[in-house]
1. Among the numbered conditions (1) touching a Phe, Trp or Tyr at 6+ places or on another chain (Cβ under 9 Å); (2) on the phi < 0 side of the Ramachandran plot, tell me where G145 comes up short.
2. Looking at this structure, is A168 away from the ligand (no atom under 16 Å from the Cβ), open to solvent by 10 Å² or more (accessible area, probe 1.4 Å) and among the aliphatic types (A, V, I, L, M)?
3. Which one of these is more than 16 Å from the ligand (Cβ to nearest atom) and either surrounded by 16 or more Cβ atoms within 10 Å (Cβ to Cβ) or among the basic types (K, R) (or both): F178, F163?
4. Could you tell me how many of the residues in the range 27-68 are of a type in the set (A, V, I, L, M) and either in a loop (DSSP other than H, G, I, E, B) or closer than 30 Å to M121 by Cβ (or both)?
5. Got a sec? Which of G148, G214 is among the small types (G, A, S), within 11 Å of the ligand (Cβ to nearest atom) and in contact with a helix residue (DSSP H, G or I) (Cβ under 7 Å, 6 or more places away or on another chain)?
6. Please go through the range 196-211 and give me each residue that is among the hydroxyl-bearing types (S, T, Y) and near the ligand (Cβ under 8 Å from one of its atoms), ordered by number.
7. Counting only residues that are open to solvent by 10 Å² or more (accessible area, probe 1.4 Å), part of a loop (DSSP other than H, G, I, E, B) and touching a residue at least 60 places away in the same chain (Cβ under 8 Å), which one in the range 4-26 is farthest from the ligand (Cβ to nearest atom)?
Amino acid sequence: MLTNILEDLKSYNANLVAVSKTKSVVDILNIYNKGQRIFGENRVQEMAEKKDLLPDDIEWHMIGHLQKNKVKYMASFVHTIHSIDSLELLKAINKGAEKHHRVINILFQLKIATEESKFGMSLEDCLSVINSEDMKSLNNVIVSGVMGMATFTEDKEKVRNEFKTLKASFDYLKENYFLEDSNFKEISMGMSGDYHLALKEGSTMVRIGSLIFGARN
Ligand SMILES: *Cc1c(COP(=O)(O)O)cnc(C)c1O
């Protein structure tokens, strides 16, 4: 399955985050040995435990909802955090990165789904973070783009429209705030069930778990 997905991604020039949450280090190593280097987890402690047991050249991505007080467990190694939904969280990440003399890539998670359960902020809230005075002094985070999760539904048109909304938000931010900034380039959207659609709508990074690792318990 991994090879099929990678084949799909090639023509779109998009990257794969292999979502390994709940899966064992043996399962991860198996996919690692096929060449995959980017893995995504949604719980900080689980990611930190696995990281210690796996090769150092893995690029770890945090994709789940995040509390400020958990940042310290991953600030020394996390490559990208997809789930930024407040200035407070961003400041905590910057502080953690600074402590370890490194930079952490971050994506603003925008709420595109209509479901209550999905995290993320509105474009307006995102703009107030970007425009804040604090933002100017956050030198240990790199704003790499946006992330979003579509509604879990069979309704393809609905999902397509949500992806279009995320792409439009990305374009707006790029044009108005990050035009000269080549780091701002990622649109993290698409999971096992909707990644084809996401690629067509401009995804640069898909987050795929069950299609690669099998269903989770
Ligand atoms: C679990 C998860 C995924 C992957 O889901 P699959 O349907 O298994 O591909 C992607 N993104 C986030 C934020 C997740 O929590």
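1. Going through the list (1) touching a Phe, Trp or Tyr at 6+ places or on another chain (Cβ under 9 Å); (2) on the phi < 0 side of the Ramachandran plot, G145 breaks only (2).
2. yes
3. Being more than 16 Å from the ligand (Cβ to nearest atom) and either surrounded by 16 or more Cβ atoms within 10 Å (Cβ to Cβ) or among the basic types (K, R) (or both) holds for just one of F178, F163, which is F178.
4. 9
5. Numbers: G214 fails: in contact with a helix residue (DSSP H, G or I) (Cβ under 7 Å, 6 or more places away or on another chain).
Among G148, G214, only G148 is among the small types (G, A, S), within 11 Å of the ligand (Cβ to nearest atom) and in contact with a helix residue (DSSP H, G or I) (Cβ under 7 Å, 6 or more places away or on another chain).
6. Of everything in the range 196-211, just one residue is among the hydroxyl-bearing types (S, T, Y) and near the ligand (Cβ under 8 Å from one of its atoms), namely S210.
7. N13
Per-residue answers, yes or no, for (1) over 17 Å from the mean Cα position of the chain (by Cα); (2) open to solvent by less than 10 Å² (accessible area, probe 1.4 Å):
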site	(1), (2)
I28	yes, yes
G35	yes, no
I38	no, no
K50	yes, no
L53	yes, no
D56	yes, no
T80	no, yes
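The values are calculated or read from the model by the stated rules, or taken from the named source; none is laboratory data. Everything numeric in this text was worked out from a predicted model, so none of it was measured. Because the Cβ atoms are built from the backbone with ideal geometry, glycine has one as well, and the counts that use them run over all protein chains shown. Each accessible area value is taken on the protein alone, full model and side chains, heavy atoms only, with ligands, DNA and RNA left out. Shrake-Rupley method; radii C 1.70, N 1.55, O 1.52, S 1.80 Å.
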